[in-house]
Amino acid sequence: HRQIVLVAVLVCFFAASMAGMLNFFKYRSNAERLVFERLVVTGQGIEGSIRSSLALGMQFADIVTLQDKMEREMRTDDITRTIQVFNIHGETLYSTDSLRAARGVPPRWFDAAKGSAGVWNVKDGVNSAVGVPVRNDIGLVIGHLALRYDEAMVQAPIREVGRRIALITLGAFLASALLASLALLTVLRGLTT
């Protein structure tokens, strides 16, 4: 009887743990995708503003209203830490953080931007960034716009949800193991009598 009950408990443990892990990984994937897409939409909005200014004949480095637009977008977004626009040579043209602008573009951002024809993403702790290429009227990439965020801020709520899922999974395992054990013991007693 003990071996049959032990097998039932192990099956309940396996089922509950797999369900918990699948729920957690699905949640984490969706949460990270939503953050990425949110930053991309913000970046594309600013890139659209740059493209309109270029269509009016302004030079890329002389768009006066861009700094205000970037700062406005930053104030409305709690994830974005800085917004930086740099040319294809890695020289910062606009930034919401003058100290970061003076330090230049992080090498990982520049490498990711250089190696990508579209949207790019660098996960690097507090220097994580989502980037959007800036194109001129004929579709030529003339620079990149990077939205810096802190990866820890994205992962903190995911870890909290993971903790809750683990507690719920543990409760489900204990309840299912107890019910399965009681049901098996009742059936086995009936069979032996």
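The values are calculated or read from the model by the stated rules, or taken from the named source; none is laboratory data. All values reported here derive from a predicted model rather than from experimental measurement. With ideal geometry, Cβ positions are generated from the backbone for all residues, glycine too; neighbour counts draw on all protein chains shown. In case anyone asks, the SASA skips ligands and DNA or RNA and just uses the protein heavy atoms, side chains included. Shrake-Rupley method; radii C 1.70, N 1.55, O 1.52, S 1.80 Å.
A few comments on the model shown:
- Residue pairs whose Cβ atoms lie under 9 Å apart, sitting 6 or more positions apart in sequence or on different chains, and linking a residue in the range 182-193 that is closer than 15 Å to R2 by Cβ and assigned to a helix (DSSP H, G or I) to a partner that is open to solvent by 90 Å² or more (accessible area, probe 1.4 Å) and modelled with pLDDT under 85, are L184/H1; L185/H1; L188/H1; R189/H1; T192/H1.
- In the range 78-87, the condition of being hydroxyl-bearing (S, T, Y) and farther than 17 Å from R135 by Cβ is met by at least one residue.
- Residue, most open to solvent (accessible area, probe 1.4 Å), within the range 104-130, restricted to residues that are of a type in the set (A, V, I, L, M, F, W, C) and part of a helix (DSSP H, G or I): V126
- Whichever residue in the range 38-56 is over 13 Å from D77 (Cβ atoms) and open to solvent by 60 Å² or more (accessible area, probe 1.4 Å) and, among such residues, is modelled with the lowest pLDDT: L56
- Hits in the range 78-87 (condition: in contact with a strand residue (DSSP E or B) (Cβ under 9 Å, 6 or more places away or on another chain), open to solvent by 10 Å² or more (accessible area, probe 1.4 Å) and either of a type in the set (A, V, I, L, M) or without any contact (Cβ under 8 Å) to a residue 40 or more places away in the chain (or both)): I79
- Within the range 16-37, the residues that satisfy the criterion of being surrounded by 15 or more Cβ atoms within 10 Å (Cβ to Cβ) and among the small types (G, A, S) are A16, S17, A19, G20, A31.
- Residue within the range 131-150 that is among the polar types (S, T, N, Q) and crowded, with 19+ Cβ neighbours inside 10 Å present: no
- Selection status of A101, touching a strand residue (DSSP E or B) at 6+ places or on another chain (Cβ under 6 Å), closer than 16 Å to A61 by Cβ and part of a helix (DSSP H, G or I): yes
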